[in-house]
Structure formats: C-alpha cells, structure tokens
Amino acid sequence: MGRRTELDAVRGLMLVWIALTHLPTSASTYVNQPFGFVSAAEGFIFLSALFTGRIYFRMAEHDGYWPMTRKLWSRTLRLYVYHALLLAFAFLVAVPIAARGNRPGLHNLLNFYFTAGAKQSIAEAALLIYRPPLLDILPMYIIFLAFTSAGLLLARKIGWKPILAAAFVVWGFAQFGFRSAEHSFMMRFIPTRIPLNEMGSFDLWAWQFLWIAGIWLGVRWGQENLPIEKWARRVLVPAVLIVIPLFVLRRLLERGVELGASEFLFDKWHLGPLRVLNFAAVAALLIVAQSLLKPLAIRPLIMLGQSSLQVFCVHLLFCFAGLTLMGNASMLDGWRQSALLIATFSAMLLTAKLFSKSEAKHERQSKTESPSGSRTQTKSPVQTEPASSNIPPVAAIPTVVAGTVANPVE
C-alpha cells in the first residue's frame, strides 16, 4: 500500500490543466474541456477526496478517531490560513490596482468588494460566505474537509449506504434549484445581503456528492478492498458509447450548436447528471488504458501532485498578475503571455519542490505500523461493506467515478 506516484502525477496534470484554463492566455481556449464535458475541477476534487479518505482512515485505524480528527482539523486550519493569505493579497494588492478603473477584468473579479464595501466583504470572505471567482475552489475544499471527520465517525456508526444515499439525494435536489431556494430562505435570518452569484460558482450541495464518493472509495482503498480494475472492465463498452458522442457534442457546441432546455444536464457548476456520467466514463477508460499512461508519470507532475494545494494557491497569484497585465484587453498576447506562462509554471515547480517532501512524509506517517515496525491489526473505526457484498444501487455513479484511480491496490 505504498504511495501511488501515478496518482500524484494525475493530480499534477490537473493542476497544470487548471492553471492553463485560468491564466488569461490563448492556451485557455484549447484546454477548456477538451475531452468532452469534463474539467480539471472534477478530477482535482475527486482525487483530493480519495487521498483524504485513504490517509485519514488509516490514521484512525492506527491511532484512533480523536487523534485523526485533530490531524484533520489541523490540516483544515492550515488550508484556511492559505486562503486567508490569498484574500489578503486580493484585498490589499489587487483592489487598489483594480480601483484605478483601467483593468476591467480585475475589477469584475472583485466587483462585490466595490459594491458592498471593505468591511462587509472582508468579514464575509473570512466566514467563507463571499467567495470571489478563482478563489472559490479552496473554500469549497475547506468546507468539505471540515465535515470529513464527522462523516467518517457517522460511517462507523451506520455504515456507508445511508451516507451515499443521502449524498445522492441532496445532489438530485441541487439539480432542481435547491441552492437558490436555500439561499433565499437563509437570507431571511442571516444579517447579510450577499447575492448568490458572489458565493462562488460551485454549488456545494451538488459537489458534495463527488467528495463523499471519493472519501468512501479512499476508505475502501485504505482497507485494500477496492477492485477498481474489475469495475472498469465491466463498464468498458458503455464507457466508450458515452465518451464518443459527448466528445462530438462538445466540439459541436464550439461551432454554435445550442443545448437549449437540456443545458442543465451538462452544467458544470451544479455538476449535472450527464457531466457526472461523462466523468465516470472517461475515468473508466483511463483505468483500462493505465499501462499505456504510466510512462506519463514524470517527476515534475509527481511533485506538483504531492503538494497540490500549495501549488494551487501559487498559481492564483499569477492569475491576478495576468489580469493586471491584461489591462483593457480581453487576453494577453505576444511575449507577455509567454512570460506569464513561463513564470507561472516555474513558480509552481519551485513550490512543489519545497513542499512535496513534507506532504509525502505526512502520508507515510499514516501507515499502520507498530513501534517495532510490524503492521498492527486494530479494529477499524470506520465501517465499510464487506468485500463480497453487492455495491448499493445508489453508489453506482461514484463506483464508476472512481475510475480516475489507476489500480490503487497493489
């Protein structure tokens, strides 16, 4: 059960993909969902949940639930500090530049700050209520991470079937406007008037399903009970029949074809049904083709994946820099976009080199070994289904979504 470097490389690739999408260069045109209705955000959140489930389950198995909870909350606090530093940069550095009025891209990014004022914006950003564009993935990650220890304890008491079923039901409600209804209801009791669109693009009620599915599969991985290759082979033909038409449809949209009333099925922010299906199908194909893809697990990508959150934060600083350099233009061009790309990826690699070893060490400390070095057999604090049990129908989607894991059980 050693660390799977190919999974680290996949996370690193997701970070490269996210950076190319966010930076205001011509590269963003080519990397925006090139494989169908799938983006790097799904892979980043799912793989993060997968690693979190595996690491902290094993920690709970060895050290107990409460030590694991303290470690998890410590990590959550550390990520919150990262987010606070990014907000400080945005409010102290980016706001004065945007206030000059000659950089509309940067101004639009912080529009609520100029509308509501500094006091309300800073207070609500600190409470993770106000989540500006580009700065909305990390708050979602922090919120999910904060509730993960409670989810693991609940799974210990009632098992995973009810949790997966509840997550699926909430995701279903999210497809029909639950977020908007919840926002209208809460605004009656909370003394704030923040618009829904300023609370981040991602619908947390929908994306929680992907996180919980990843945690569940990470726990099974930690128990050496994740036959992911067998699952992928079973759905190979359906996966091909899903991926090809959706890939073609994605290309047609670039030529002016409109989805019309069915657009919600592909919606990224609400994690639409066909989007989940597309992600699962692509994942299954990646598993089947893993032997061909393993050579792509090069050292730079591995390092990026091993320090993914720190690298993610660093790339956001260069996104602000790009919006500043862009001025009134719609996109950078010429030498400026080349310089931005070189500077961004150089900084990301330097950050990865500084942090990757400490992150890898953090996972190694979760190995269930006794002081003598032998493996201890302690009672698991988190229940999972026996290896021989059938996978519950409600878990069918996350079962296939797990396809991004390239043979995680050695």
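The values are calculated or read from the model by the stated rules, or taken from the named source; none is laboratory data. Remember, it's a predicted structure, so these values are computed and weren't measured experimentally. So basically every Cβ, Gly included, is an ideal-geometry build from the backbone, and we count neighbours across all protein chains shown. Ligands, DNA and RNA are stripped out before the accessible areas are found, and what is left, the full protein with its side chains, is counted by its heavy atoms. Shrake-Rupley method; radii C 1.70, N 1.55, O 1.52, S 1.80 Å.
Quick check for me: using +1 on Lys/Arg Cβ and -1 on Asp/Glu Cβ, what's the dipole size of the chain about its Cα centre, in debye to the nearest 20?
Taking the Cα centre of the chain as origin, the dipole is about 740 debye.
So for the chain, taking the charge dipole from beta-carbon charges (+1 Lys/Arg, -1 Asp/Glu), which of Leu106, Leu301, Met186 sits furthest toward the positive end?
Selected residue: Leu301.
Based on the alpha-carbon gyration tensor of region 58-111 and its eigenvalue square roots a ≥ b ≥ c, which shape applies: rounded if a/c is under 1.5, prolate if not and a/b is larger than b/c, or oblate?
Prolate, since a/c reaches 1.5 and a/b exceeds b/c.
Using all alpha carbons of region 1-76, what is the percent of pairwise distances in each 5 Å bin, ordered from the shortest bin to the longest?
Bin by bin from 0 Å, the calculated values are 3, 14, 19, 17, 15, 12, 9, 7, 4, 1.
Using a 7 Å offset from the Cα along the Cα-to-Cβ direction at both Leu354 and Val170, what is the distance between the two label points in nm, to one decimal?
Here the modelled spin labels are 3.5 nm apart.
Where does helix 204-222 land angle-wise versus the long Cα axis of the chain, in degrees 0 to 90, nearest 10?
30 degrees
Nearest 10 degrees is fine. How inclined is helix 137-158 to the longest principal axis of the chain, computing both from alpha carbons?
Once rounded, one gets 20 degrees.
Mind jotting down the three principal axis lengths of region 202-277 based on Cα atoms? Whole angstrom, largest first.
48, 31, 16
Points 7 angstrom from Cα along the Cβ direction at Arg70 and Asn108: gap in nanometres?
Reported label-point gap for Arg70 and Asn108 is 4.9 nm.
What whole-number value in Å² describes the accessible area per residue of the chain for a 1.4 Å probe?
Accessible area per residue, the chain: 45 Å².
Suppose R0 equals 56 Å. What FRET efficiency, 1/(1 + (r/R0)^6) with r the Cβ-Cβ distance, do Arg193 and Arg234 give to the nearest 0.05?
So the FRET efficiency works out to roughly 0.65.
Go ahead and set up a Gaussian network model of the chain, Cα springs under 10 Å, then flag whichever of Ser330, Ser346, Ser262 fluctuates most.
Looking only at Ser330, Ser346, Ser262, the biggest GNM fluctuation is shown by Ser262.
Holding the Cα-Cα limit at 29 Å, pick out from Lys230/Lys294; Lys119/Lys268; Lys294/Lys353; Lys230/Lys353 the pairs that are longer than that.
Numbers: Lys230/Lys294 18 Å; Lys119/Lys268 32 Å; Lys294/Lys353 21 Å; Lys230/Lys353 35 Å.
The answer is Lys119/Lys268; Lys230/Lys353.
Could you tell me what % of all Cα pairs in region 161-222 have separations over 18 Å?
Details: 865 of 1891 pairs.
The answer is 46 percent, as a whole percent.
Summing +1 for each Lys or Arg and -1 for each Asp or Glu, what net charge is found among the other residues whose Cβ lies under 10 Å from the Cβ of Gly36?
Local charge sum for Gly36: +3.
Of the residues Arg70, Arg193, Arg78, which exhibits the maximal mean-square fluctuation in a Gaussian network model of the chain defined by a 10 Å Cα contact cut-off?
It is Arg193.
Return P(r) of region 256-301 (all Cα-Cα pairs; 5 Å bins starting at 0; whole %; ordered from short to long distances).
Reading upward from the zero bin: 5, 18, 16, 16, 13, 12, 11, 7, 2.
FRET efficiency for Ser180 and Leu252, Cβ-Cβ distance as r, R0 = 30 Å, nearest 0.05?
Plugging the Cβ-Cβ distance into 1/(1 + (r/R0)^6) gives 0.55.
So if I place +1 on the C-beta of Lys and Arg and -1 on the C-beta of Asp and Glu, and nothing else carries charge, what would the dipole magnitude of region 178-279 be about its Cα centre? I want it in debye, nearest 20.
Charge dipole of region 178-279: 200 debye, to the nearest 20.
Using only the heavy atoms of the protein chains and a 1.4 Å probe, how would Arg336, Arg179, Arg188 rank by accessible area, largest first?
Accessible-area ranking of Arg336, Arg179, Arg188, largest first: Arg188, Arg336, Arg179.
Working from Cα positions, state the angle (0 to 90°, nearest 10) between the long axis of helix 40-63 and the longest principal axis of the chain.
40 degrees
Per 0.36 nm of contour for each residue apart, how much would the distance between Arg336 and Leu92 grow if the chain were fully extended, relative to their Cα-Cα spacing?
Between Arg336 and Leu92, full extension yields 85.4 nm more.
Tell me, what % of the accessible area of region 38-143 is carbon and sulfur with a 1.4 angstrom probe?
66 percent
Taking 8 Å as the Cα distance limit and 6 or more residues as the minimum spacing, I'd like the relative contact order of the chain as a percentage.
RCO, the chain: 35 percent.
With springs connecting C-alpha atoms under 10 Å apart, model the chain as a Gaussian network and identify which of His315, His83, His183 has the largest mean-square fluctuation.
So, out of His315, His83, His183, the one fluctuating most is His183.
From the residues Tyr65, Pro195, Ser338, which one has its Cα farthest along the dipole of the chain in the positive direction, the dipole being from +1 and -1 charges on Cβ of Lys/Arg and Asp/Glu about the Cα centre?
Looking along the dipole axis, the top candidate is Tyr65.
Indicate the gyration tensor shape class of region 147-270 (rounded, prolate or oblate), computed on the Cα atoms with a ≥ b ≥ c the square roots of the eigenvalues: a/c under 1.5 is rounded; otherwise a/b larger than b/c is prolate and the rest oblate.
oblate
State the dimensionless ratio Rg/Rh of region 101-185 (Rg: radius of gyration of Cα atoms; Rh: Kirkwood radius).
1.11
Classify the chain: rounded, prolate or oblate, from the alpha-carbon gyration tensor (a ≥ b ≥ c, eigenvalue square roots; a/c under 1.5 rounded; otherwise prolate if a/b is larger than b/c)?
On the way: a/c = 1.42, a/b = 1.35, b/c = 1.05.
Note, shape of the chain comes out rounded.
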